[in-house]
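A.B. asks: Please find one structure pasted underneath; my questions will follow.
The values are calculated or read from the model by the stated rules, or taken from the named source; none is laboratory data. Fair warning: this is a prediction, and the values are worked out from it, not measured in the lab. Note that we place each Cβ from the backbone using ideal geometry, even for glycine, and neighbour counts take in every protein chain shown.
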């Protein structure tokens, strides 16, 4: 029981650390904007953004929690493999969104949010805006 609770706590901390690392990378990448912020302002970014990080990390820990609970009754190796695959997929998506967010913020002036979804209705607009994306091949 202790081992399972310890795993869930470590899984939760893992996600918090991932989010904090990307928050730090974001601030470094956009250091020209944040250079004039005081230490208190930068600390508050982590403090107030930390509430969302805690919430998201909690959501991401729910599925492993359910799987850990189910592993009490059956072969836990299967559940460990599912948790690893889940973690890899979610981490890939978090990394992908975080890296895209670095460049999108520069052009749009705000981070990725739900407003991005409206562009999927018109793929031509999405492709037209890709002309400013560095390193991506552009087809004609």
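A.B. asks: Quick one: residue 17 ticks every box in (1) closer than 23 Å to residue 103 by Cα; (2) surrounded by 16 or more Cβ atoms within 10 Å (Cβ to Cβ) bar one, so which box is it?
C.D. replies: It fails just one condition, (2).
A.B. asks: Being surrounded by fewer than 13 Cβ atoms within 10 Å (Cβ to Cβ) and farther than 18 Å from residue 102 by Cα is the filter here; which residues of region 30-49 pass it?
C.D. replies: Scanning region 30-49 gives 36, 38, 39, 40, 41, 43, 47, 48.
A.B. asks: Kindly indicate which of 133, 57 is under 26 Å from residue 23 (Cβ atoms) and modelled with pLDDT under 90.
C.D. replies: Result: 133 is the single residue among 133, 57 that is under 26 Å from residue 23 (Cβ atoms) and modelled with pLDDT under 90.
A.B. asks: Of all helices (runs of 4 or more DSSP H) completely enclosed by region 1-78, which ones contain at least 3 residues that are in contact (Cβ under 8 Å) with a residue 60 or more places away in the chain?
C.D. replies: Filter on region 1-78 gives 2-29.
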